[in-house]
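The values are calculated or read from the model by the stated rules, or taken from the named source; none is laboratory data. All of these numbers come straight from a predicted model, not from anything done at the bench. Note that we place each Cβ from the backbone using ideal geometry, even for glycine, and neighbour counts take in every protein chain shown.
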Amino acid sequence: MKKILLTTFLLSGLLVTAACGNNNTKEAEKTAETTETTEKETVVEKEEVVEEIPTIVGVAAGNENFTTLVAAVKAAELVETLNGDGPFTVFAPVNEAFDKLPEGTVEGLLKPESKETLTAILTYHVVAGKVMAADVVKAIKEGDGSFTITTVQGATLTASLDGENVILTDAKGGTSTIIMTDVAASNGVIHAIDTVVMP
């Protein structure tokens, strides 16, 4: 009888020990799974934080100061071009720049029959290559006060300094001031200007 009781006691002890072992193993597995999940979530969170810089069109579309310009780019069917690899430098007229044009000009340019004229005007604001503001200022100083810029349209703009401001003079003698510089895009850079320049 004592042997039976002792055997039963020992078996019970082994079962309890085994159960505890199983519980410990399960706890360890759960901890490992939780750690792995947390690590995965952390990696995902880090990946989500990394944001890509949009293209020139994307940057302009995300800025309320360029709504007229974006509408013009769409009307001229230049979205795909300005979303290309580039790099491009765009002297981008703000909405107020378009407002300076004679009444009805913008509406007329946005019509399908004016696409060729609109394309010429818009590409006159684009330069091949990435030209930062410091590059323009340096070129002006090295050029004895002026720097000739050849646009994608083919005609030229002349950059000069008025105090600390960079002034662009167009083919017709009109002038525009660069009011915001070095706005980064994935395929180039944007400089905002206060007046539409004309080829």
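Answer with yes or no whether LYS130 is of a type in the set (Lys, Arg) and touching a Pro at 6+ places or on another chain (Cβ under 7 Å).
The answer is yes for LYS130.
Only helices (runs of 4 or more DSSP H) whose full extent lies in segment 88-163 are considered here, and the ones with at least 3 residues that are over 17 Å from ALA75 (Cβ atoms) are 133-142.
Rundown of residues vs (1) out of contact with any strand residue (DSSP E or B) (no Cβ under 8 Å at 6 or more places or on another chain); (2) crowded, with 17+ Cβ neighbours inside 10 Å; (3) not assigned by TED's automatic domain parsing to the domain that holds LEU157, yes/no style:
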position	(1), (2), (3)
ALA60	no, yes, no
ALA76	yes, yes, no
PHE88	no, yes, no
LYS100	yes, no, no
THR105	yes, no, no
LEU110	yes, no, no
